[in-house]
Amino acid sequence: MDAALAEAEAAAGRGEVPVGAVIVSPGGDIVARAGNRTRELNDPTAHAEVLAIRAACAAVGSERLGGHVIYVTLEPCPMCAGAIVAARLAKLFYGASDPKSGGVAQGARVFTHPQCHHAPEVYDGINAAASEQMLKAFFEAKRKG
């Protein structure tokens, strides 16, 4: 999760919402890492999770990431949860919950939908305080600035 937090911090430094994601191979190696880039790329789909999944798929040469694990600093939105399903990631670890836009434990609850073809094991609250603090500080600065 520390690597995902570093990606979130880098995203904040670029003026992006501070969310970071890291994908780890079954052997424990980081195969991809990303932070949000929606503003930089003018792309509403450039969430950290989607960018990390794209990079991991390219690195392993497959559209499926069976056995791989994703670490994310914030509960994935429904779009990102759908990408996690499509990539067949084995496990999801996330930090802060997202009552406003989450798609895992909140809102759409993508993984429990009857049409969900694959659901990863989910572990929440991983280093949540650090993720929450980074998000709060980012939005407080935006409101003041």
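Database remark: amide H of L74 closer than 5 angstrom to the amide H of G20, G95, A96 (H placed geometrically; neighbours at sequence offset of 5 or more, or on other chains; Pro and chain starts carry no H).
Residue by residue, what Karplus-based ³J(HN,Hα) values in Hz, rounded to whole numbers, does segment 70-82 have, using 6.51, -1.76 and 1.60 with θ = phi - 60° and x for Gly and Pro? Coupling constants for segment 70-82: 10, 10, 9, 6, 9, 3, x, 6, x, 4, 5, 4, x Hz. Rolled with a 1.4 Å probe across the full set of protein chains, the surface gives S25 an accessible area near 20 Å².
Beta bridges assigned by DSSP with both partners in the chain are antiparallel in approximately 55 percent of cases.
Computed from the C-beta positions of A137 and R14 and an R0 of 22 Å, the FRET efficiency is 0.90 to the nearest 0.05.
One Cα centroid belongs to segment 52-79, the other to segment 11-45; the line between them spans 10 Å.
If you add up the charges near R88, with Lys and Arg at +1 and Asp and Glu at -1, over every other residue whose beta carbon is less than 10 angstrom from its beta carbon, what do you get? Display every interim value, and only then the final one.
On the way: positive: R64; negative: E63.
Result for the neighbourhood of R88: 0.
Counting only residues at least eight positions apart within a chain, or on another chain, the lysines with an alpha carbon under 21 Å from that of K100 are K136, K142. Rounded to whole numbers, the Karplus 3J(HN,Hα) couplings from phi for segment 105-122 are 9, 10, x, 5, 6, 3, 5, 9, 5, x, 8, 6, 7, 7, 10, x, 5, 10 Hz, using 6.51 cos²θ - 1.76 cosθ + 1.60 with θ = phi - 60°, and x at Gly and Pro.
Distance between the modelled labels on A90 and H118, one decimal in nanometres: 1.2 nm (7 Å Cα→Cβ projection).
In segment 71-145, one over the average inverse separation of all distinct C-alpha pairs is 12.8 Å, which is the Kirkwood hydrodynamic radius. The trypsin sites (Lys or Arg not before Pro) of segment 13-116 that DSSP puts in a loop, and whose beta carbon has at most 11 other beta carbons within 10 Å, are K100. Between R54 and K100, the contour length at 0.36 nm per residue exceeds the alpha carbon distance by 14.0 nm.
Applying a DSSP loop filter and a limit of 15 other Cβ atoms within 10 Å to the GluC sites (Glu not before Pro) in segment 37-108 leaves E63.
The values are calculated or read from the model by the stated rules, or taken from the named source; none is laboratory data. The shown structure was predicted, so the numbers you read here are calculated from the model rather than taken from an experiment. Cβ atoms come from the backbone with ideal geometry, glycine included; neighbour counts cover every protein chain shown. In case anyone asks, the SASA skips ligands and DNA or RNA and just uses the protein heavy atoms, side chains included. Shrake-Rupley method; radii C 1.70, N 1.55, O 1.52, S 1.80 Å.
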